[in-house]
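Asks: Here it is, the structure in full.
The values are calculated or read from the model by the stated rules, or taken from the named source; none is laboratory data. This is a predicted model, so every value here is computed, not measured. For neighbour counting, all protein chains shown are included, and Cβ atoms are generated from backbone atoms with ideal geometry for every residue, glycine included.
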Amino acid sequence: MPEYDPLADLYDLEYDHDYDLPFWLSVAARERAPIVEWGAGTGRLSEPLSEARFEVTAVEVSGEMVRRGREKGGGVEWVCGDMRDVRLGRRYGLAICAFNSFLCLTSPEAALAFLRNAHAHLSPYGLLGIEVSAFSPEELSGPPGGPQLRHDLTRELPRGVLERFSASSYDAASQLLSMRLFYELYDASGTLESKRAHGLEIRVTSRDELSLMLRLAGFSLEGVYGGFEGEPFTAESGHLVVLARPCGREPAAPGGGASG
Ligand SMILES: C[S@@+](CC[C@H](N)C(=O)[O-])C[C@H]1O[C@@H](n2cnc3c(N)ncnc32)[C@H](O)[C@@H]1O
């Protein structure tokens, strides 16, 4: 079962931010081309891009996330598929992989498979934009004595409150960050209605690893930023935003053979 299926009903409650939307809208306005969003969730970005009159295809591996995205009833074309190997049968001028969807690819092989597939779906002058969280060493190392439960968020609901807690552990060897998420739903009187726990795993990447993987997949870098205002990427950045275009050569063969 895709990791996000059991989280789909909570996704829009948890992630209601749109601080990144103006950036992607301005990139879309500059590129003026059909868009594919890889790992689109429930359409947090795809829906407003479509509302802004861009043609958007949203690819998402979780059937439950796709169902919720479709329910929004916008003009997005939804495809339930794996961004590593889905074939959409056409090319796009802009590809977006935002808000840690890239980190859901939990091995370098999976990440490269996605980048090669994204390359195969881009027009020769198309643009790929990837945005991931940039974690500080403190965030990754965690408190002494092992993972601790922390309170992440409170969301007021029409008839109650959602609380989320989590505990994370990071394995520096594999770059895997394992998170255990705990959800508590309270009714309007403050009585606990239900609770559930869920595991998520992401693979943390770095500026230079991502840049190298993009080159291996046949891209050349156009920009590397530390946020959505075009600021430089530094050790203090909370985000890593990379823009890349196909460099006109075929990507390196999956077996590692060079393609000149
Ligand atoms: C953190 S969410 C981000 C969703 C969306 N990009 C956003 O900005 O709200 C990551 C999403 O990537 C999806 N995903 C993970 N692996 C995927 C894969 N191999 N192919 C397609 N979607 C994937 C997950 O199911 C999840 O919906």
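Asks: Yes or no: segment 158-180 includes at least one residue that is over 21 Å from Leu112 (Cα atoms) and part of a loop (DSSP other than H, G, I, E, B).
Replies: Yes, segment 158-180 has at least one match.
Asks: Among the candidates Glu3, Glu14, Glu77, which residue alone is near the ligand (Cβ under 8 Å from one of its atoms) and surrounded by fewer than 17 Cβ atoms within 10 Å (Cβ to Cβ)?
Replies: On inspection, the qualifying residue turns out to be Glu3.
Asks: Have a look at Gly129, Gly146 and point out the one that is assigned by TED's automatic domain parsing to the domain that holds Arg90 and either out of contact with any Leu (no Cβ under 8 Å at 6 or more places or on another chain) or under 24 Å from Glu37 (Cβ atoms) (or both).
Replies: Matching residue, one of Gly129, Gly146: Gly129.
The rows are residues; the columns are (1) more than 25 Å from Thr154 (Cα to Cα); (2) among the charged types (D, E, K, R); (3) in a loop (DSSP other than H, G, I, E, B).
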position	(1), (2), (3)
Leu185	no, no, no
His198	no, no, no
Glu201	no, yes, no
Ser211	yes, no, no
Phe228	yes, no, yes
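Asks: Considering each of Ala28, Ala58, Ala40, Ala33 in turn, give the residue that is within 8 Å of the ligand (Cβ to nearest atom) and either among the hydrophobic types (A, V, I, L, M, F, W, C) or part of a helix (DSSP H, G or I) (or both).
Replies: Of Ala28, Ala58, Ala40, Ala33, the one residue that is within 8 Å of the ligand (Cβ to nearest atom) and either among the hydrophobic types (A, V, I, L, M, F, W, C) or part of a helix (DSSP H, G or I) (or both) is Ala40.
Asks: Just to be sure, is Ala110 within 13 Å of the ligand (Cβ to nearest atom), touching a strand residue (DSSP E or B) at 6+ places or on another chain (Cβ under 7 Å) and of a type in the set (Gly, Ala, Ser)?
Replies: In short, no.
Asks: If you don't mind, another one. Do we find a residue being modelled with pLDDT of 95 or more, under 16 Å from the mean Cα position of the chain (by Cα) and buried (at least 16 other Cβ atoms within 10 Å of the Cβ) anywhere in segment 134-147?
Replies: yes
Asks: In segment 1-46, what count of residues is obtained for those that are over 21 Å from Arg67 (Cα atoms), at pLDDT 95 or above and touching a strand residue (DSSP E or B) at 6+ places or on another chain (Cβ under 8 Å)?
Replies: So the answer is 7.
Asks: Now, a different point. Kindly establish whether Leu214 is within 18 Å of the chain's Cα centre (by Cα), assigned by TED's automatic domain parsing to the domain that holds Arg30 and modelled with pLDDT of 95 or more.
Replies: Against the criterion (within 18 Å of the chain's Cα centre (by Cα), assigned by TED's automatic domain parsing to the domain that holds Arg30 and modelled with pLDDT of 95 or more), Leu214 qualifies.
Asks: Something else about it: Failed condition for Arg164, given (1) in contact with a Ser or Thr (Cβ under 7 Å, 6 or more places away or on another chain); (2) among the basic types (Lys, Arg); (3) within 13 Å of Asp152 (Cβ to Cβ), with all others met?
Replies: Every condition holds for Arg164 apart from (1).
Asks: Another question, if that's okay. Scan segment 47-61 for residues that are closer than 18 Å to Arg30 by Cβ and in contact with a strand residue (DSSP E or B) (Cβ under 7 Å, 6 or more places away or on another chain) and jot them down.
Replies: If the condition is that a residue be closer than 18 Å to Arg30 by Cβ and in contact with a strand residue (DSSP E or B) (Cβ under 7 Å, 6 or more places away or on another chain), then Leu49, Ser50, Phe54, Glu55, Val56 are the ones that fit.
Asks: Let me ask something else. Arg91 - would you say it is away from the ligand (no atom under 13 Å from the Cβ), farther than 26 Å from Asp16 by Cβ and without any contact (Cβ under 8 Å) to a residue 60 or more places away in the chain?
Replies: yes
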